[in-house]
Amino acid sequence: MNLSDLQSHFGSSRPKSAAFFEQAASLIAGGVNGNLRYYQPFPLVFQQGRGAWLTDADGKTYVDYLLSYGALLLGHGHPVIREAVETVWEEQGTSSFGATHPLELDMCSEINQLYPSMESIRFTNSGLEATLFALRLALAYTGKTHIAKFSGHYHGSHDHVLISVNQTKESGPAMPKAVPDSKGLPDYYVEHTVVLPFHDWEACEKILTEKRDEIGAVILEPLQSGYISADQPFMENLRSLTEHLGIVLIFDEVKTGFRITLGGAQTYYGVKPDLTALGKVVGGGFPIGVVGGKRAIMEMCSPLRSSSKAEVVFHSGTFNGNPISLAAGLATIRYLKQPGRFDSIVDRTTSLRKGIETLAREYRIPFSTVGAGTIFNLVPTEEANDAGTNPQELRLALDYLLMDEGIYTKPLNRFSMSDAHGETELQATLQAFEKSFQALRQIAAV
């Protein structure tokens, strides 16, 4: 049995998901409402999520490690979030004012306590909107025309950052090439985006210094993909150099916010960016984005700044800071701030990672775990390449085996933990990994 056979078995054993996808493809472009949701031969269709578990259209159950791409740090349908949302209906009586309301100030206070670098704050409706707005603020503040981003880093699907997300071998690592990751991107954005090599300080220093008069902002995932960290000197040097060159440093903490530590990657490194973009966890399972940072930069969007539109960075949105998202997010943050809550999730994540690595060694599977806090992923070891195997195909095969054993994260995606993942879920996960590793040894040359 090879990867193709595993995918074929996956498809034939889930006829209701297959039938749904066939029908969906006739009404929804590609059958999915987001390209990242697709995998072969079709993505699972889920009907229910409770706690740490998902149930698909065919009645199969899974321990969920996708968790809506990490957004559900308390799991599906947590009681404190349900209560918070019900309270909004009882007290506010609406899901959206389209105007200012008290929960906005409550959330800003909570965020500022955990992220002191966020002196002034604005809400958006997604992480994509947050990074887009942060870049607009930075370019307006500096008066420059270019941004710099890192090869392999994802900041949402807007034009200025949908470049070199998938690392390419088209150019040397010291001078990555700006490569569009989508059709339809205007040449302007490719030409005005400088790509940097992550974790190569010498190259970064050279590029940023040479282009200091053009680059208004550097944006990065402080942990690439949410789990690959840079070393401490790299982050400190980047902060020091951007400050010296007058370049705004933006941390995209949509993935890492509240997951690496409650104070995100900036607490993890002890490095304060100029601007921060948040999303996912801070909405408690509802759409949200947050931009915050130095008051002088954030004030660029203040309507009190000037009566002239040309002097103010425009920002608005009907559902910005809506009471449902803020109430769910506040409930999540306040729950996680209770003594021992967040640390307990981290401890369970560490325990699971150790268990997986022990099994990988026992069955001689060339994978290890990489991550921090409540996020990790499985990455191939040097032995995987030495054995002449295709690491990506090996990981894909493992993911399909795991789904058959009742463990779900979208193939090749990272693993996120939640408060709902208890001892029962961890034991079920390790049993599934053991069976999957046994099967993987039989179908792959490892």
Output the relative contact order of the range 1-128, whole-number percent, from Cα pairs under 8 angstrom with separation of 6+ residues. 13 percent
Shape call, the range 356-446: gyration tensor on alpha carbons, a/c limit 1.5: prolate
Footprinting proxy, D404, D252, D5: sorted fewest to most Cβ within 10 Å, the residues are D5, D404, D252
Per the Cα gyration tensor, the range 239-365 corresponds to an equivalent ellipsoid with semi-axes, largest first in Å, of 36, 21, 12
Given L103, S307, V195, which one lies farthest toward the positive end of the charge dipole of the chain, if we put +1 on the Cβ of every Lys and Arg and -1 on the Cβ of every Asp and Glu? S307
Multiplying the sequence separation of H199 and D213 by 0.36 nm and subtracting their Cα-Cα distance, what value in nm do you get? 2.8 nm
Principal-axis tilt of helix 127-142 within the chain, Cα atoms, nearest 10 degrees: 30 degrees
So for the range 188-306: antiparallel DSSP bridges make up what percent, rounded to the nearest 5? 45 percent
So how much slack lies between Q338 and Y38, counting 0.36 nm per residue of separation and subtracting their Cα-Cα distance, in nm? 104.3 nm
Give me the tail of P(r) for the range 288-446 as a percent: Cα-Cα pairs with distance above 29 Å. 42 percent
Scaled by the rule-of-thumb 2.2 N^0.38 Å, the alpha carbon Rg for the chain gives a ratio of 1.00
Among rounded, prolate and oblate, which fits the range 48-199 when a ≥ b ≥ c are the square roots of the eigenvalues of its C-alpha gyration tensor, a/c under 1.5 means rounded, and a/b larger than b/c means prolate? oblate
Rg (Å, one decimal) plus Dmax (Å, integer) for the alpha carbons of the range 19-80? 12.9, 39
Angle check, please: helix 391-404 long axis (alpha carbons) against the longest principal axis of the chain (alpha carbons), in degrees 0 to 90, nearest 10. 70 degrees
Area projected by the alpha carbon convex hull of the range 79-336, averaged over all directions, nm²: 13.9 nm²
For the chain, the charge dipole (Cβ of Lys, Arg +1; Cβ of Asp, Glu -1; about the Cα centre) points to a positive end, and the Cα of L66, A296, G373 closest to that extreme belongs to A296
Working from Cα positions, state the angle (0 to 90°, nearest 10) between the long axis of helix 232-245 and the longest principal axis of the chain. 30 degrees
Residue span S240 to Y188: 0.36 nm per residue of separation minus Cα-Cα distance leaves a gain in nm of 15.8 nm
Longest the chain segment clear of GluC sites (Glu not before Pro) sitting in DSSP loops (not H, G, I, E or B) with at most 16 other Cβ atoms within 10 Å runs 215-446
Just to confirm my numbers, what's the Cα centroid distance between the range 348-368 and the range 15-46 in Å? 32 Å
When R14, R348 are ordered from fewest to most other Cβ atoms inside 10 Å of their Cβ, what list results? R348, R14
For M417, M300, what ranking results if the residue with the fewest other Cβ atoms within 10 Å of its Cβ goes first? M300, M417
Using the Cα gyration tensor of the range 166-289, with a ≥ b ≥ c the square roots of its eigenvalues, what is the shape: rounded (a/c below 1.5), prolate (a/b larger than b/c) or oblate (neither)? oblate
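Read-outs: derived from the displayed coordinates by stated rules, not from any lab. All figures in this text were calculated on a predicted structure; none of them were measured in a lab. Positions of Cβ are generated from backbone atoms using ideal geometry, with glycine treated the same way; all protein chains shown enter the neighbour counts.
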